[in-house]
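K.L.:
Before I ask anything, let me first share the structure, which is written out below as structure tokens.
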Amino acid sequence: MYLIVGEHGDTDLEEMLSGLHKTVIVQGVTEKGSEALLRSSGSYHREDVVPSESPLVAYCGDLKADEIMRALKQVSKTSSGM
């Protein structure tokens, strides 16, 4: 399973089990995430579910298709050797 999310507080990650999905984080697409809208600032962090230093996580600079494909290929290659 692949998740493509913004870099700020996507609440859908709460129910995910760490390590069972590959995540592409698109930077710069959200100004204010759910942590500012639904939660207090310290109650929930994406790193609780998706560690930032994981071979299953790739970062993408924008919403261009070639950037997203590069990131998807990156997490696919990394996870196939695990």
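K.L.:
Expressed in nm to one decimal, what extension gain is obtained for the pair Glu67 and Val29 from 0.36 nm per residue of sequence separation less their Cα-Cα distance?
P.N.:
Computed gain between Glu67 and Val29 is 12.3 nm.
K.L.:
Okay, next question. Could you pull out every residue, at least 5 positions away or on a different chain, whose amide H is within less than 5 Å of the one on Gly6? Hs are placed 1.01 Å off N in the peptide plane, and Pro or chain starts have none.
P.N.:
The answer is Val26.
K.L.:
From the phi angles alone, apply the Karplus equation (6.51, -1.76, 1.60; θ = phi - 60°) to region 20-28 and give each ³J(HN,Hα) in whole Hz, x where the residue is Gly or Pro.
P.N.:
Rounded to whole hertz, the list is 9, 9, 9, 10, 10, 9, 8, 7, x.
None of the figures in this text is laboratory data; all of them are computed from the coordinates on show. Quantities reported herein were computed from a predicted structural model and do not represent experimental measurements.
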